[in-house]
Amino acid sequence: QKEVEQNSGPLSVPEGAIASLNCTYSDRGSQSFFWYRQYSGKSPELIMSIYSNGDKEDGRFTAQLNKASQYVSLLIRDSQPSDSATYLCAVNKGGGFKTIFGAGTRLFVKA
Amino acid sequence: DAGVTQSPTHLIKTRGQHVTLRCSPISGHKSVSWYQQVLGQGPQFIFQYYEKEERGRGNFPDRFSARQFPNYSSELNVNALLLGDSALYLCASSLRAANTGELFFGEGSRLTVL
C-alpha cells in the first residue's frame, strides 16, 4: 500500500466547473496535509495546507480533511485553463522530518 | 528576494560516474530537503538537513549522500550512477525543521545518465 494515493487522472473539466481532487493516506499519525501544483516542466508550488478536520478555503481553492477516513481533497471552483496542471497531495507526520508526496493527479480544464 | 536556487540545471553523465548537485535555500531558511522525481511520479524523499545535521533519510541506497554547509546551502552527491538515476532532482527549503510540509522548491537539476 502506498503511503499517499491519488488517482493519476487525467481529470478533465470544462472551464467554470468545479474540479474535485482526492487523496488518501495510510499513516494515521499524519498531522499536516498539503496540496502542491506542478505545471509541466516546472517544480511543485505549495497552494494549500490544512492541519485540522474540516474545510479550509483560500480564494477559489478549498481543502477538506477527514482524519477518521484518512482522506484529503481539494476543490477548485470556477476552474480556469490556467489551472491545468498536476496536483500533488503531500503528507507530513507529526514530529517527522519527511514529507511524502502522492504521484499526482493531472487536471485539464477545457476552454 | 531570491528563491531556492539549484545548479546545474541540466547535466548528462554516463553510468558509473559521480555527480554533485548544489542548492541554496531561501534566505533565513535553515532546512533543506532533497527529492527525486521521475517522469509521471511524485517527488520521492531522499534527505532532509537542518542545522547541518541529517534529520531524515528516504529509501535510497548508500550511493546517495548529502551535506549542509554553515551557510545552509547543501550538496547532494550520487556515486556510481545507474541509468535509473535519471530524474529531476529537487531541492526544497523550509523555515522550520520538523512538522512542516511547507516546502519551497527550486527549479531542479535534470540529470540524464547514459
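The one condition from (1) surrounded by 15 or more Cβ atoms within 10 Å (Cβ to Cβ); (2) facing chain A (nearest Cβ under 10 Å); (3) farther than 28 Å from A:GLY9 by Cβ that B:PHE105 does not meet is (3).
Scanning the range B:1-30 for residues that are polar (S, T, N, Q) and assigned to a loop (DSSP other than H, G, I, E, B) yields B:THR9, B:THR14, B:GLN17, B:SER27.
I'd like to check something: does the range A:59-70 contain any residue that is within 14 Å of chain B (Cβ to nearest Cβ), closer than 21 Å to A:SER12 by Cβ and buried (at least 20 other Cβ atoms within 10 Å of the Cβ)? Within the range A:59-70, none of the residues are within 14 Å of chain B (Cβ to nearest Cβ), closer than 21 Å to A:SER12 by Cβ and buried (at least 20 other Cβ atoms within 10 Å of the Cβ).
Across the range A:33-58, the qualifying residues are those that are not in a strand (DSSP E or B) and not hydroxyl-bearing (Ser, Thr, Tyr), and the one among them that is surrounded by the most Cβ atoms within 10 Å (Cβ to Cβ) is A:PRO44. Does B:SER74 satisfy the condition of being surrounded by 17 or more Cβ atoms within 10 Å (Cβ to Cβ), within 12 Å of chain A (Cβ to nearest Cβ), more than 23 Å from A:SER30 (Cα to Cα) and of a type in the set (Ser, Thr, Tyr)? For B:SER74, the condition - surrounded by 17 or more Cβ atoms within 10 Å (Cβ to Cβ), within 12 Å of chain A (Cβ to nearest Cβ), more than 23 Å from A:SER30 (Cα to Cα) and of a type in the set (Ser, Thr, Tyr) - is not met.
With respect to B:ALA80, is the statement that it is among the hydrophobic types (A, V, I, L, M, F, W, C), assigned to a loop (DSSP other than H, G, I, E, B) and modelled with pLDDT under 95 true? So B:ALA80 does not fit the description; no. Restricting attention to the range B:34-67, and to residues there that are touching a Lys or Arg at 6+ places or on another chain (Cβ under 7 Å) and part of a loop (DSSP other than H, G, I, E, B), which single residue is surrounded by the most Cβ atoms within 10 Å (Cβ to Cβ)? It comes out as B:GLY58. Considering the range A:71-111 alone, what residues qualify as being at pLDDT 95 or above, surrounded by 16 or more Cβ atoms within 10 Å (Cβ to Cβ) and small (Gly, Ala, Ser)? Residues satisfying the conditions are A:SER73, A:SER79, A:SER84, A:ALA85, A:ALA90, A:GLY102, A:ALA103, A:GLY104.
The values are calculated or read from the model by the stated rules, or taken from the named source; none is laboratory data. Just so it is clear, the model here is predicted, and its values are computed rather than measured. Positions of Cβ are generated from backbone atoms using ideal geometry, with glycine treated the same way; all protein chains shown enter the neighbour counts.
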